[in-house]
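Data block below; observations after.
Please treat every number below as a calculation from the coordinates, not as lab data. Model, not experiment: these values are computed from the prediction. Virtual Cβ from ideal backbone geometry, glycine too; neighbours counted across all protein chains shown.
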Amino acid sequence: MKILTVIGARPQFIKAAAISHGFAQYDAIQEVLLHTGQHFDSNMSDVFFEELGIPKPAYNLGIGGGLHGAMTGAQLAGIEEVLLHEKPDWVLVYGDTNSTLAGALAASKLHIPVAHVEAGLRSFNRKMPEEINRVVTDHISTALFAPTATAMQHLAYEGIPAERCHQVGDVMYDAALLFGERAKQQSTILQQLNLIAGEYVLATIHRAENTDDLQRLKIILQSLGEISQTLPVVWPVHPRTRKLLEQKTLHGLLGNKVQLIDPVGYLDMVMLEQHAAVIATDSGGVQKEAFFYQVPCVTLRDETEWVELIAAGWNQLVKLDDTNEVTQTILGAKLKTSTAIQPYGQGNAAVKITSYFREI
Ligand code: UD1
Ligand code: UDP
């Protein structure tokens, strides 16, 4: 069976690392990797292939940047050409990026079944590009691999036939188990940045709803600046956010103590997460990693798809309309619970997904 996997953005490389490893165990599965080029800086792309042992993609379309329509449209055309040539039995897509939507659309128009990993997540905020991408992808997929029971409920509620939906757990948990220990052994990032374990805040911000809303972005910057007067703050800056900081000359709002660094590889990121006092983020993946490593997390958004962590007290949302409240929430963040929950499965999502393809 030939599976063509479409990836393009940072979190998709990490997810693919777990599943491609699963596929590679079986001769009967031939995986062809297609990288759309959505993320292209070496620290947003190459580093993950090198560190996590992901095979070099057979195709890289080099299509990144630009407006949503232009990017998604060019990816759609490029993927279609490859699909016509490769004639795969399945197309596999991850998550909710423009690359996900382009892959799913290109395949479904050619009547190639689509498998969607991380199906069923909803923020119920249709202003998020990701919400549109994931809803459309779910509705044109043949196999939907949901990470959680809540995601399964969303799919049922939207009328997607139950036989297409499979609760397999979260592939990010697989990745955390596969690489978490290696991070401890290999990463020297704490020494490089002069950080003391348990005595810094780790921040990441890249969501359009935060970066493209000047008022919200200013509140985040002012808050991180205030926090850095009390506790070191380290922030690996996503290129989207870096561009806005530069275009709008916003660095002044941060003061001079926040450590702004370039995006780091996965092992360094995991090391930074494992030893942070608090994580402040708008990333989907980072919210869950905070939970995996039992680090208090404040999510800088009005809502999240990962509702289990909020309900159980492992994560908290903070609205971005008052700098002082954001600062106090981050500085005061403590684990509100030690209750063990396991909403993301057993760390064997890749095994379950691989089995699905072996058994059909
Ligand atoms: C994308 C996804 C988002 C995901 C995130 C993961 C969409 C709509 N959004 O957001 O769901 O959470 O990836 O990180 O697909 N850029 C660079 N170098 C790079 C990558 C991007 O300079 O290596 C620039 C682009 O040129 C663009 C900006 O950053 O100007 C944003 O990139 P884009 O891929 O459009 O969206 P992300 O914010 O990365
Ligand atoms: N990540 C990384 N280096 C960084 C920032 C994040 O390796 O500098 C990892 C992080 O550990 C997580 C994933 O990237 O596994 C999350 O990606 P991102 O926040 O870009 O996207 P999202 O999960 O919000 O879609």
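Could you give the nm distance between label points at GLN185 and LYS334, where each point is 7 Å from its Cα heading toward the beta carbon? With each label placed 7 Å out from Cα toward Cβ, I get 3.6 nm.
Give, to the nearest whole percent, the P(r) tail of segment 246-341 beyond 18 angstrom, counting all Cα pairs.
Numbers: 2308 of 4560 pairs.
For segment 246-341, the fraction of Cα-Cα distances above 18 Å is 51 percent.
Put a dot 7 Å past the Cα of PHE124, heading toward its Cβ, do the same for LEU110, and the two dots end up 3.8 nm apart.
Taking 0.36 nm per residue of separation and subtracting the Cα-Cα distance, full extension of the segment from GLN294 to ILE132 would add 55.2 nm. Over segment 45-101, the ratio between the Cα radius of gyration and 2.2 N^0.38 Å evaluates to 1.23.
Just need the relative contact order of the chain here, percent rounded to a whole number, with Cα pairs under 8 Å and 6+ apart. All intermediate terms of the calculation are to be shown ahead of the outcome.
Working: 687 pairs, mean separation 56.5, N = 360.
Here the relative contact order equals 16 percent.
Applying a threshold of 20 Å to the alpha-carbon distances of LYS257/LYS336; LYS184/LYS243; LYS218/LYS248; LYS2/LYS352; LYS56/LYS184 flags LYS257/LYS336; LYS184/LYS243; LYS56/LYS184 as lying beyond it. Rg/Rh, computed from the Cα trace of the chain with Rh as the Kirkwood radius, has the value 0.95.
Cα extents for segment 286-360 along the principal axes, largest to smallest and rounded to whole angstrom: 54, 25, 17. On a per residue basis, the convex hull of the C-alpha atoms belonging to segment 64-192 measures out at 162 Å³. Rounded to 0.05, the FRET efficiency of the ALA156 and ASP322 pair, given R0 = 45 Å and the Cβ-Cβ distance, is 0.75.
For the pair segment 78-125 and segment 218-255, the centres of their Cα atoms are 35 angstrom apart.
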